[in-house]
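Contents: one structure, followed by commentary.
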Amino acid sequence: MIENLPIGDLICQELEVQERFITWLARQMDYPYNTLYKTLKRDHIDTALLWNISKVMEYDFFERYSAFLKDRSPGLSIRTPTADEIINKENLSIGELIQQELTIQGRSITWLAKKVYRTPNTLGNILKRDHIDTALLWDISRKLRYDFFAYYSEWLKN
């Protein structure tokens with residue numbers, strides 16, 4: 001689980017900096033206000049929703065995860081993908097990216113599933129999706145020592 005990166009609070013703080021409100025964000029995203037309000041009370045969020053919020057607010061919340069990952073991983077060498085790696089993989093889903101990194105590292109879904117406290121079947125199903133919960137992506141990034149959040153940051157620039 002993420003150690004104190006309250007993404008909902010960070011989004012609300014950035015809304016305040018931009019002198020905007022949750023109602024504005026909900027309207028811009030065509031998203032139910034009550035659902036968004038409840039989501040912003042949590043300390044994790046789905047990457048697809050965070051992507052939309054980042055686009056609408058023109059703010060890279062994924063970069064905050066990347067920075068936090070490096071700050072909270074002393075002694076761990078966290079590899080960040082190069083710009084070329086990101087460009088060459090822009091058509092892949094986050095699940096495919098994770099599976100590719102597992103292959104590169106010679107690890108299996110079973111190995112990762114044990115590390116993130118999921119069954120191999122559950123993790124395999126999660127990795128078939130185009131999006132993932134930020135808390136799980138954080139955990140996967142730490143276990144694989146690889147900054148998957150950097151992909152989202154780079155993709156936001158394009």
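Derivation of every value follows stated rules applied to the coordinates shown; laboratory data play no part. What you see is a predicted model; the values in this text were computed from it and never measured. Note that we place each Cβ from the backbone using ideal geometry, even for glycine, and neighbour counts take in every protein chain shown.
From most to least packed by mean Cβ count within 10 Å, the peptides 144-151, 13-20, 113-120 give 144-151, 113-120, 13-20.
Dividing the helix sum by the residues of the chain, where each DSSP H run of 4 or more adds -39500 (n - 2.57), gives a mean residue ellipticity at 222 nm of -18000 deg cm²/dmol. For the charge dipole of the chain, defined by +1 on Lys and Arg C-beta atoms and -1 on Asp and Glu C-beta atoms about the Cα centroid, which residue among Asn52, Ile132, Val116 has the Cα displaced farthest towards the positive pole? Of the options given, the answer is Val116.
For the chain, the Cα-based Rg and Dmax, in that order, read 15.8, 48 Å.
Taking each residue as 0.36 nm, the span from Asp46 to Asn158 lengthens on full extension beyond its C-alpha to C-alpha distance by 38.3 nm. For the stretch 91-158, the Kirkwood hydrodynamic radius comes to 12.1 Å, computed from all pairs of different C-alpha atoms. The mean sequence separation of alpha-carbon pairs under 8 Å and at least six residues apart, normalised by the residue count of the stretch 14-88, gives a relative contact order of 21 percent. Its residue count N sets the reference 2.2 N^0.38 Å, and the alpha-carbon radius of gyration of the stretch 7-60 equals 0.97 times that reference. For the peptides 25-32, 57-64, the ranking by mean Cβ contacts within 10 Å, running from highest to lowest, is 57-64, 25-32.
Counting only alpha carbon atoms, the long axis of helix 61-71 and the longest principal axis of the chain meet at about 50°. In this structure, the residue pairs whose Cα-Cα separation is over 27 Å, taken from Lys55/Lys128; Lys38/Lys89; Lys38/Lys114; Lys41/Lys70; Lys55/Lys115; Lys89/Lys128, are Lys38/Lys89; Lys38/Lys114; Lys55/Lys115.
Only the Cβ atoms of Lys and Arg (+1) and of Asp and Glu (-1) were treated as charged; on that basis the dipole of the chain about its Cα centre amounts to roughly 680 debye.
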